[in-house]
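The values are calculated or read from the model by the stated rules, or taken from the named source; none is laboratory data. None of the values given here were measured: they were computed from a predicted structure. So basically every Cβ, Gly included, is an ideal-geometry build from the backbone, and we count neighbours across all protein chains shown. Each accessible area value is taken on the protein alone, full model and side chains, heavy atoms only, with ligands, DNA and RNA left out. Shrake-Rupley method; radii C 1.70, N 1.55, O 1.52, S 1.80 Å.
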Amino acid sequence: MERNVRITWQYKDNGTFALLWGDTAVLTGYAKAYHVDGRGIDTRTAVLKRQEMTHGERGQVLTFHAENGLCLTQRLSFSDDGTPMVSCALSAQDGQPVETNRLLPLIAEGLGDNAPRIWKSIWSKMLLVPYDNTMWLRYEAQPLRAGRKSYDMTVLFQEDSREGLLIGAADFSVWKNVIICSGTDAKSFWVQSGIADEGTHDSVPHGSLIGESVESARFYVLYGADYRRVLEDYGDLLAEEGGHLTWTEGVPFGFNSWAGLAFRLNEDNFRKTAQFVRGALRPEGYENQGLTYMNLDAGWSVIPEENLISLVRELHGSGQKAGIYDSPFAFFGKDEDIENEIPGAPGHRFSEILLRDFDGNPLARVDGAIPLDVTHPVWRQQMEWKLSRFVRWDFDYVKLDFMTHGGMEGCHYDRNIRTGRQAIETGYRLIAGYLSPERIGKPFFISLSIAPLFPCGFGHARRFSCDAFGTNEDVEYVLNAQTYAWWQSGRLYALNDPDHICLLKGVFTDRDSLEGEARARYTSAVIAGTVMMLSDDFERPEARSRAEKLATNREVNALAASRVSFCPVESAGASASAAFTAAVDGKQCLALFHWREGDETVQVECGHAGIRPGIRYKELWSGEQMQDEDGVLSWRAHGCDAVLLREL
């Protein structure tokens, strides 16, 4: 963010305000709120009763009264480092409690001749951030259109100049937040606390809050010449607010069983896979700090407890770490299994802990599973039983899947928990606390999968896409997440997780991948800043030889181990950038991708990519040297493939 510019909130007489970035009004806006009884208040029609100046008269607290008895307090403030923030609170003029599930501290638009071009151009793009990553949701950068939604944050930007304006929530413990492209004005955003819809997979309205005063989330507003830096600034602010779980043990390299084995997983094929990883791959460079992780995914329950303990002991004795899997917030059993006894909670049945609507009906299945009520003491009992086994069995890593289910709106057992966000944080805190190094005496890696982007302080890694395997379309899908979520690594989470790396054939794909596809898929993981988990059926000789060829390049693996997430050169609508850059150990690096069939030349203009012309690069896969010509770097791709360049 440009700190040398004076930033000021300026109130106007008609219930609106402006945010001035120097002499530029980056936005104008007003606020609204709605009581659950149907009453509403709008600062444009309410009466301003009190105005207090704050932050050296750059910030303000405005109190409005409506004829219906509601009161709306609007806070136009700054964070400790001077970043503008906006929030609001609903109350009643007579001091009685109010109840609401929808607060809009900002309805933003551009105004005037000196408004940024992003408010004027029909080519401006709005980044649509999905609430989570289930069912192959993806990021999209799209022109403004009525009703388009971005969950918790968005950035409005120009693709050519990269000028960008970001509005993003600072709080995630109470409200699900959304930024909605207005249906009443061509260039207007509704910034709202309180959303429960198909995008959040909810079938019940967002829970309401009751109190003498009910506060919205706070929202940051950031503006800058390059939307990519603005996104990184936002991530830095969130890291300072709450911080992610720290991880000092290095990027995990290893194997995850899902894509390669799925429900064919058993003790024998897993043990043989571990032997292959440590015997053939680790000595040739597929490792980090001398370690590899061997992770059991869904289906591990076919292995008896005493055999699991023996298997973990064997892995540890061979210099490997052990990982396991759970879906703590979701019930995948059949309807007839609902009355089965809960393992770890004798005398209790699953029907007790299903999350229900306010008529007492279990919530509808989402992605095949019924949400569990994470506020129920029996859920807590069985969760502590699960986690205590993982600790007792001496595992080092857990993949927690289908985490979105913990944040569903519903009628929770604990009536003090009134929203899905309050519920999921309750579940997250139990898990993170139970697996903390302070409690168990060693580092324990928590990887979240099919999880909401926010709240973000409860996992070391979050998978930033849904399941990805090894074909060209998987490459493009993972790179879509890299294009719009690269900035989350090291800020919201210690590491981004680009999912397991399938180099030959996943159980759920209908063909073997080509070598170029496999190279591109591996490279997409390397640049993610990152978790490196192979997943193939290594009983196939072709899978072993593919891994031996592509997973043992020491120079490539060193880039992955650096934890550096590569930044996209371009936005790409609903697809992905073909070029990503980073500086690693003072050396300029560049990754280029091609995922279409046929031959095509991929070009990068050095100036636009922010890299110096005239640099000589080593292409790490082939060992060949490359250099730009007249400031343009070109690569001739033959089908799906990738090149990974490092400055010589």
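Miscellaneous remarks
- Dividing the convex hull volume of the alpha-carbon atoms in region 126-204 by its residue count gives 103 Å³ per residue.
- With the largest listed first and rounded to whole Å, the semi-axes of the equivalent ellipsoid of region 528-583 from the Cα gyration tensor are 27, 16, 9.
- Solvent-accessible surface of the chain, taken per residue with a 1.4 Å probe and all protein chains present: 37 Å².
- Here is what passes the span test in the chain: the DSSP H helices with alpha carbon length of 15 Å or more along the helix axis and a Kyte-Doolittle mean of -1.0 or above are 227-241, 305-317, 377-392, 420-434, 472-485, 515-526.
- Rolling a 1.4 angstrom probe over the chain with all protein chains present gives an accessible area of which 47% lies on carbon and sulfur atoms.
- Calculated over region 1-136: convex hull of Cα atoms, volume per residue (Å³): 174
- Mean ellipticity per residue at 222 nm, deg cm²/dmol - from DSSP H runs of n ≥ 4 across the chain, formula -39500 (n - 2.57): -5500 deg cm²/dmol
- Based on the reciprocal of the average 1/r between different C-alpha atoms, the Kirkwood radius for region 335-453 equals 15.0 Å.
- Those lysines that a straight Cα-Cα span of less than 17 Å connects to LYS120, excepting residues fewer than 8 apart in one chain: LYS187
- Here the chain is scanned for chymotrypsin sites (Phe, Trp or Tyr not before Pro) in DSSP loops (not H, G, I, E, B) that have at most 12 other Cβ atoms within 10 Å, and the longest stretch holding none of them is 124-357.
- Here the Kirkwood formula, the inverse mean of 1/r across different C-alpha pairs, assigns region 287-387 a hydrodynamic radius of 15.7 Å.
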